[in-house]
Amino acid sequence: MLWSMTSCLTMLSCDICGETVTSEPDMKAHLLIVHMENEVICPFCKLSGVNYEEMCFHIETAHFEQNALERNFERINTVQYGTSDNKKDNTLQCKKEVNSGIHSACASNHPKSSAQSLPKAGTLKHEAICSENLTKSGKFLKSREKQPGLKEIKGSIYEAMYSPPECPFCGKIEKCSQDMETHVKTKHANILDTPLEDCDQPLYDCPMCGLICTNYHILQEHVVLHLEENSFRQGMDSVQCSSDLELAHQLQQEEDRKRRSEESRQEIEEFRKLQRQYGLDNSGGYKQQQLRNMEIEVNRGRMHPSEFHRRKAEMMESLAIGIDDGKTKTSGIIEALHRYYQNTATDVRRVWLSTVVDHFHSSLGDKGWGCGYRNFQMLLSSLLQNDAYDDCLKGMSVPCIPKIQSMIEDAWKEGFDPQGASQLNNRLQGTKAWIGACEVYTLLTSLRVKCHIVDFHKSTGPLGTHPHLFEWILNYYSSEREGSPKVVCTSKPPLYLQHQGHSRTVVGIEERKNRTLCLLIFDPGCPSREMQKLLKQDIEASSLKQLRKSVGNLKHKQYQIVAVEGTLSPEEKVARRQASEVFTAEKIP
């Protein structure tokens with residue numbers, strides 16, 4: 001029977017959808033039109049293609065054991081109910097009735113019908129039984145394909161019905177399904193008729209994932225699992241963080257070690273470079289360089305071997321007596337300049353020249369490092385020709401470079417400039433060490449020549465120029481009252497001019513008709529053949545380009561001048577020696 005009596009009247013109720021009719025023919029028509037033409041789908045394994053009666057037998061036999069699991073899972077499960085091509089899709093709500101093989105499916109009217117409207121006894125945990133359902137439904141479909149007849153299907157179904165049915169609500173076992181139906185309707189009618197939303201049993205939502213639990217203790221265990229999982233993750237994160245920090249620390253230490261190693265290597269390389277630059281690399285001094293360069297000239301065919309031996313002998317003689325051999329000296333330039341300015345230089349308003357001075361240029365023995373020694377030779381050559389300095393320089397000649405080195409070492413031994421001596425390891429002989437303004441001051445003071453250092457420590461004009469340097473030199477040479485001639489030959493010695501990496505000698509200054517100033521400078525880097533062009537009777541203006549330096553030509557960051565002022569008494573020499581322990585200079589500005 002697919003319908004039942006709803007009251008004492010002859011009202012019939014459809015067990016599928018609950019619709020009531022007044023007569024049995026109307027019910028048959030209802031079943032034929034509404035239910036028999038529709039395709040019935042098993043809510044558990046999606047079996048289709050059978051009529052309603054066959055589906056009831058299938059559910060009763062193939063899925064009866066799953067009803068006992070309902071109390072352990074969620075009671076909400078949505079089952080699709082397919083229609084034919086000319087019908088709309090509907091959603092079924094399952095209501096479990098342990099009847100004579102009847103598992104009726106109640107169709108809802110809208111796809112969005114709430115899961116709470118399902119009866120409590122009609123819901124199953126789909127995830128837990130999905131695998132079992134698929135297995136059983138697959139077997140049934142295969143058996144149906146082989147035996148499509150209704151009798152064969154029913155026979156295979158009844159063969160599987162050997163275990164007695166068990167109540168899904170209380171677990172009671174009955175002998176047959178009819179007894180189970182009676183038991184469920186009498187003992188659990190209130191559960192079947194009570195919607196889920198009206199159930200008295202409280203529901204608990206998990207605050208972490210939203211899962212609904214029917215028991216507080218189950219919820220508690222579920223939340224504890226969440227906490228344990230979070231604690232484990234935090235522990236793993238802590239371990240990972242600790243490992244990352246340790247790795248980062250190791251990488252930082254390795255990077256710091258490499259950086260320090262590279263910095264140390266660069267410092268050593270820079271120090272060695274400075275040693276080579278300033279002649280402190282123990283590669284020999286003037287003598288060794290002279291011989292080495294002459295050998296190179298011989299090998300290149302620029303010098304005959306006989307010339308090599310002759311010049312070697314002359315060098316050894318010069319070194320033995322300590323006097324410069326004069327092969328790099330050019331004399332008479334100041335006198336030639338006086339004639340030129342007196343007769344030819346029409347663009348010059350006035351010029352001041354120092355006392356007579358010889359030009360010395362670098363040779364093969366001191367090329368690249370001997371400028372300081374050559375400028376001292378120039379300055380000393382002027383002092384030796386000045387009678388005012390005969391007392392302190394009596395009997396001297398212009399010394400060779402190794403002799404100058406020996407003289408500076410002697411001054412250090414007397415106590416002059418202990419800091420400078422320490423920086424150069426108290427040794428100059430046999431090296432290519434550079435000397436500067438301090439060493440020239442030390443040597444002149446030890447010879448009782450009065451001098452002082454003037455430090456132009458920063459630029460005083462636009463574009464890094466030093467106009468104050470030019471003004472100071474002009475005041476130095478023009479301080480004497482010489483009248484107003486165009487060419488003034490002063491009694492002032494030349495000036496030692498030092499800047500970074502090089503030094504030169506200032507022998508005069510000219511004031512041009514446009515009121516600009518030009519220094520007249522002897523450069524030890526200029527060879528004798530160029531300087532000798534100035535000795536001609538008719539000096540060309542282009543030859544003076546190597547001497548003239550305007551304000552725009554001197555743009556080094558710092559300049560120092562050693563200016564000679566006269567002679568020192570022995571007492572003054574002692575005082576200056578004591579004062580040289582801490583060098584002081586006149587700073588401009």
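With θ set to phi - 60° and the Karplus curve 6.51 cos²θ - 1.76 cosθ + 1.60, what are the ³J(HN,Hα) couplings of region 245-251 in order, to the nearest whole Hz, using x for Gly and Pro?
Along region 245-251, the couplings run 5, 5, 5, 4, 5, 5, 5 Hz.
Rounded to a whole number, what is D in µm²/s for region 319-382 from Stokes-Einstein with the Kirkwood radius over alpha-carbon pairs (37 °C, 0.692 mPa s)?
Values: Rh = 13.6 Å.
In µm²/s, the coefficient rounds to 241.
For region 464-589, with the dipole built from +1 on Lys and Arg beta-carbon atoms and -1 on Asp and Glu ones, taken about the Cα centre, which of GLY525, PRO570, THR505 lies farthest toward the positive end?
The listed residue farthest towards the positive side: GLY525.
With contacts defined as alpha carbon pairs under 8 Å and 6 or more residues apart, what's the relative contact order of region 374-440 in percent?
Values: 31 pairs, mean separation 18.7, N = 67.
For region 374-440, the relative contact order is 28 percent.
Return the FRET efficiency for the residue pair GLU409, ARG259: r is the Cβ-Cβ distance, R0 is 41 Å, and the value is rounded to the nearest 0.05.
Details: r = 41 Å, r/R0 = 1.00.
E(calc), rounded to 0.05, equals 0.50.
Just the ratio, please: alpha-carbon radius of gyration of region 391-526 over 2.2 N^0.38 Å, N its number of residues.
Working: Rg = 17.5 Å, N = 136, 2.2 N^0.38 = 14.2 Å.
Taking N as the residue count of region 391-526, the ratio is 1.23.
How much of the accessible area of region 362-498, probe 1.4 Å, is carbon plus sulfur, in whole percent?
Values: 2520 of 5250 Å².
That share works out to 48 percent.
Could you check the spin-label model distance between THR344 and ASN425? Points 7 Å from the Cα along Cα→Cβ, value in nm.
4.9
Add +1 for every Lys or Arg and -1 for every Asp or Glu among the other residues with Cβ under 14 Å from the Cβ of ALA411, and state the total.
Numbers: positive: LYS403, LYS413, ARG427, ARG448, LYS573, ARG576, ARG577; negative: GLU409, ASP410, GLU414, ASP417, GLU439, GLU581.
Once positives and negatives cancel, what remains is +1.
So, counting K/R as plus one and D/E as minus one, what does the shell of residues with Cβ under 11 Å around ARG349 add up to?
On the way: positive: ARG350, LYS486, ARG512, LYS513, ARG515; negative: ASP347, GLU510, GLU511.
After counting each charged neighbour, the total is +2.
At R0 = 51 Å, how high is the FRET efficiency between THR584 and LYS533 if r is their beta carbon distance? Nearest 0.05 is fine.
With R0 = 51 Å, the Cβ-Cβ based efficiency is 0.80.
Tally Lys/Arg at +1 and Asp/Glu at -1 over every other residue whose Cβ is under 15 Å from the Cβ of MET531; what's the total?
Values: positive: LYS327, LYS329, ARG374, ARG504, ARG529, LYS533, LYS536, LYS545, ARG548; negative: GLU335, ASP358, ASP523, GLU530, GLU540.
Summing Lys and Arg as +1 and Asp and Glu as -1 gives +4.
Using a 1.4 Å probe on the protein heavy atoms only, what accessible surface does MET236 show? Give it in Å² to the nearest 10.
Approximately 100 Å² for this residue.
Under Stokes-Einstein, with the Kirkwood radius over Cα pairs standing in for Rh, what whole-number D in µm²/s applies to region 201-330 at 4 °C and 1.567 mPa s? Mind dumping the intermediate values first?
Details: Rh = 23.7 Å.
My calculation gives 55 µm²/s for D.
The values are calculated or read from the model by the stated rules, or taken from the named source; none is laboratory data. These numbers were taken from a predicted model, which means no experiment stands behind them. As a convention, Cβ positions derive from the backbone with ideal geometry for all residues, glycine included, and neighbour counts pool all protein chains shown. Side chains are part of the model used for accessible areas, which takes the heavy atoms of the whole protein and leaves out ligands, DNA and RNA. Shrake-Rupley method; radii C 1.70, N 1.55, O 1.52, S 1.80 Å.
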